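In what follows, a single structure is set out as structure tokens and then discussed.
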Amino acid sequence: MKIYKSFLIYIAIVFLLLISVKSFAEGENDSLWKINSYERKVNTVGQRILRANEISEMITFRVPPKITSKSQVNAYAEESYATVTVERPLLSIVENDDELAAVLSHEIVHIINRHVSKHSAKEILIRAIILPPCIAADLAMACFGSKYATFTHLGVNLTSGLSSHAQQKYETDADLEGIDLMVKAGYNPIYMESLYQRMMSDGSYLEFFRDHPKGSIRVEAIHRKIATNYPEFLEQKIDADKKLRENNFDQENKEKVENDINQENILPINDKSDDSNTQPPKKKRKRRKKETDDDNLNDVINYYD
């Protein structure tokens, strides 16, 4: 009896193992698919851009496994780790591979051009030039009884503004060079423009204190780059928009003509039905009245005869 129970337990364990191995091999594990589907897509598009542009640097692409309270509509590059991270809220906005390629190309340019290192070096230089005189001025004011570090606060704000303003150039360079990477990889750069139009705004910050250019400025620069270097994509878009407008116009005219025909077909039927219902009965009544009058006249004549 014990041997029989052990044998059944052994068969059950083997059966469960076979099912789990099969589902893993065929990719039917739903939890695994939900975690890795975005990352597979991001990695596929990213590796295609790297291969097409012959970028030898080993850049990895990752997507956080789940959305947290810190998740934003954002993507960022970590230069020291050569990693591009795309947040899940941003992926929910992206509509196709071309728009995803726009996001990844922008971040790849940040890494291969060492924008983070260059910006850090500029920031250190700006602080070294501005902050020491401000601190010295506050120390001098303290000798006369001043209790406030006014010049230091001004220096910190000025340093922050100059540092943010310097970063705008790197963002513009990443947009424009990212277009070149997209085209070489076979993606349509028009979708970078359309993506930015949907997800970016000018905001309310002063231009001097922004670390990214205004959305309208970035879209305009992208459009100018495409029009200058890759006008064929704009021509394709113009032709597609023209065909779409023509199809919409034809459809509207077709519906209008059909409505007019339906109205014209309804009115004659009503007229004919009215004639058939009204005219014949009148003629019949007149004919019957004349016959009765003739009969009455004959009766009178016969009476006097």
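The values are calculated or read from the model by the stated rules, or taken from the named source; none is laboratory data. Keep in mind it's a predicted model, so treat the numbers as computed, not measured. We place every Cβ from the backbone using ideal geometry, glycine too, and count neighbours over all the protein chains shown.
Data table
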read-out	value
All positions within the range 47-60 that are surrounded by 13 or more Cβ atoms within 10 Å (Cβ to Cβ) and either touching a helix residue (DSSP H, G or I) at 6+ places or on another chain (Cβ under 7 Å) or touching a residue at least 24 places away in the same chain (Cβ under 8 Å) (or both)	Arg48, Ile49, Leu50, Ala52, Asn53, Ile55, Ile59, Thr60
Those residues of the range 41-55 which are farther than 17 Å from Val183 by Cβ and either at pLDDT below 90 or touching a strand residue (DSSP E or B) at 6+ places or on another chain (Cβ under 6 Å) (or both), in sequence order	Val42, Asn43
Given (1) assigned to a loop (DSSP other than H, G, I, E, B); (2) at pLDDT below 90; (3) closer than 18 Å to Asn96 by Cα, number of the condition Asn188 does not satisfy	(2)
Failed item in (1) closer than 24 Å to Glu39 by Cα; (2) charged (D, E, K, R); (3) modelled with pLDDT under 85, with Glu107 passing the rest	(3)
Residue within the range 144-164 that is closer than 21 Å to Ile217 by Cα and either out of contact with any Asp or Glu (no Cβ under 9 Å at 6 or more places or on another chain) or at pLDDT 90 or above (or both) present	yes
Any hit, the range 69-84, residues being crowded, with 16+ Cβ neighbours inside 10 Å and among the basic types (Lys, Arg)	no
Scan of the range 125-151 for residues that are under 22 Å from Asp211 (Cβ atoms) and among the β-branched types (Val, Ile, Thr), ordered by number	Ile126, Ile129, Ile130
Selection from the range 105-152 of residues that are over 30 Å from Glu193 (Cβ atoms) and in contact with a Leu (Cβ under 8 Å, 6 or more places away or on another chain)	Ile126, Ile130, Cys134, Thr152
Condition check for Ile135: aliphatic (A, V, I, L, M), without any contact (Cβ under 8 Å) to a residue 40 or more places away in the chain and surrounded by fewer than 17 Cβ atoms within 10 Å (Cβ to Cβ)	yes
Hits in the range 39-55 (condition: in a helix (DSSP H, G or I) and either more than 20 Å from the chain's Cα centre (by Cα) or under 17 Å from Asp98 (Cβ atoms) (or both))	Lys41, Val42, Asn43, Thr44, Val45, Gly46, Gln47, Arg48, Ile49, Leu50, Arg51, Ala52
Members of the range 61-89 that are in a helix (DSSP H, G or I) and touching a residue at least 40 places away in the same chain (Cβ under 8 Å)	Arg88
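Residues are listed down the side, and each one gets a yes or a no for (1) modelled with pLDDT under 85; (2) among the hydroxyl-bearing types (Ser, Thr, Tyr); (3) assigned to a helix (DSSP H, G or I); (4) closer than 22 Å to Leu50 by Cα:
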site	(1), (2), (3), (4)
Gln168	no, no, yes, no
Asp175	no, no, yes, yes
Gln197	no, no, yes, no
His212	yes, no, no, no
Ile217	no, no, yes, no
Glu220	no, no, yes, no
His223	no, no, yes, no
Leu234	no, no, yes, no
Ala240	yes, no, yes, no
